[in-house]
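All of the numbers you see were taken from the coordinates with simple rules; none came from a lab. Every value quoted in this text rests on a predicted model; they were computed, and no experiment measured them. Counting neighbours? That spans all protein chains shown, and the Cβs are built from the backbone with ideal geometry, glycine included.
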Amino acid sequence: MSRISKDIFILLVAFIVLLSNIQITLATVETGFNDIKPTDWFYNDVIEAQRVGLIAGVGNNMFAPNKTISYAEYLTILTRILGADTSNKGNSNHWAAGNIEAAKKLGIISEGEVTNYDAGIPREVMAVFTCKTLGVKPGDGSQIIFEDTRNASPEIRAYINAAYNEYLTEGVGRDDSGKLQFGYGQTVTRAQLATMALRIKDYKEDKEAYKQSRAIARNAAEEEWKKQHNSGGSGGSGSSGSTQQQYITWNGYKFPVGSVFYNMNKDGHDYGLDFAAEVRFIAYPERYDELYNIMASKLDPATVKAAIDYAKTKTDKSQELPLKTFKTPNGYEIQVWSVKFSSTTSFSVFKP
C-alpha cells in the first residue's frame, strides 16, 4: 500500500469511528431515559418536554417518573418557560438557586415564602405559582368550583378558580355525587409534570388557541359524564334517597365517576397500549380493589387478579418488582412492575 493510500485509509477509518460516535449520541437522545418506555402513558410528553428544554433527567439517563415534584423543580420549569435569567444564585448553594432567585425577581414567590425547596409541592401551590408566572389574576375566591377546596382559604381558592377558568387545570376528577375534585393537598409526579409543563408553555405562546383547544376537550368530557350520569340514574330498584354509583365507560373499561384511573387513560394511548394505571400502594392500598373492578370489567377476571396479587407482593418502597407479563385467554397482555424506591406499582395492558 502506497503512502497516499495508507493516509486515505487512516482518514476513512477515523471518519467511520467519528460517524459511529455521532450515531450513538443521536440514538441516546432519541431513546431518552432508561426508566421510561414508549408504552408509558406519559412517554410522548416527557420526550417532547425534554426536547424543548423544559425538563431534564435526574442523572444516569434516568427520569424518575414516579418521583414527587419539589418546589425547586417546579420553579425551575416555570422560569425555563419564561426564559428567565438564572445567572444570579444569591448566597445559596442549592442546585436550583439561580431559578429560585429568578422566581423571586419575577414575583412568582416572595423572600421567605418557601422554607424547604426540596419538599413536595402541593397542587394548590402549583396553581398559585402557575397563575403568577402567566400573569393570570386571581378569580372569585368565594366560588366553590372544586368541592375539596371548600375549606381552603379564599385567597388560595381564588387562584385555583382562575387556573380552572383559564383551562390550566381540570382537577383530578369527580366524587361519587359528580362534584369536581381538585386534588387539594396532593402532590404531583414527574411524569404528570411533563404534560403540565407543555400546557403552560402552550398557554404562554398562544393563550387563545390553547384555551379554545382545551375548552373543546373539557366540553367533550362533561358531555360524556352527563351521558353516563343520566343513563345510570334511572330504571333502578334502589331505595328512595340512596345515591347510586355512577360510571363512565371508556375503551370498554367501566370507571367509577371521579376515578383517578379514568384520568390516567381518558386522553388515550399510543403504540398498542389499551390501558395504563399506577397505584400508590402505601398511601392508597384500597385502590387495588377499584383497579381490579375496572380491569375486570373488560379483561379476564382471573388474569387480572393474578396481576394485582403480584403487584401486592411489593409492600415496601425499597423492594424492586421485576416486570412480569400476564396473558388473558383472548390475547391481552397485562404487564406489572415497580422500580426500586418507588411508592407506586405500574400496570400496562396491551392489545392482542
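For region 165-231, what class follows from the C-alpha gyration tensor (a ≥ b ≥ c being the square roots of its eigenvalues): rounded when a/c is under 1.5, otherwise prolate if a/b is larger than b/c, else oblate? Provide the component values of the computation, followed by the final result.
Numbers: a/c = 2.67, a/b = 1.33, b/c = 2.00.
Oblate is the answer for region 165-231, as a/c is 1.5 or above yet b/c matches or exceeds a/b.
Could you check how many percent of all C-alpha pairs in region 41-221 are farther apart than 23 Å? Numbers along the way, then the final one.
Values: 6770 of 16290 pairs.
Across region 41-221, Cα pairs with separations above 23 Å total 42 percent.
Let me have the relative contact order for region 245-350, percent, based on Cα pairs under 8 Å that are six or more residues apart.
Numbers: 168 pairs, mean separation 27.5, N = 106.
RCO, region 245-350: 26 percent.
Helices that extend 27 Å or more along their long axis by alpha-carbon positions and average at least -0.5 on the Kyte-Doolittle scale are, among the DSSP H runs of the chain, 3-31.
Entry for the chain at q = 0.06 Å⁻¹: log10 I(q)/I(0) = -0.28, Debye formula applied to identical alpha-carbon scatterers, no solvent contribution.
Computed over neighbours whose Cβ is under 15 Å from that of M295, the net charge equals 0, Lys and Arg +1, Asp and Glu -1.
Using the eigenvalues of the Cα gyration tensor, what equivalent ellipsoid semi-axes result for region 245-350 when each is taken as the square root of five times the eigenvalue, whole Å, largest first?
On the way: eigenvalues 86, 52, 32 Å².
For region 245-350, the ellipsoid semi-axes come out as 21, 16, 13 Å.
Using a cutoff of 8 angstrom between alpha carbon atoms and counting only pairs six or more residues apart, the relative contact order for the chain works out to 13 percent. Annotated for region 41-221: lysine pairs at least 8 residues apart or interchain, Cα distance under 17 Å, count 11. Summary of the geometry: region 149-193 and region 107-143, compared by the centres of their Cα atoms, lie 13 Å apart.
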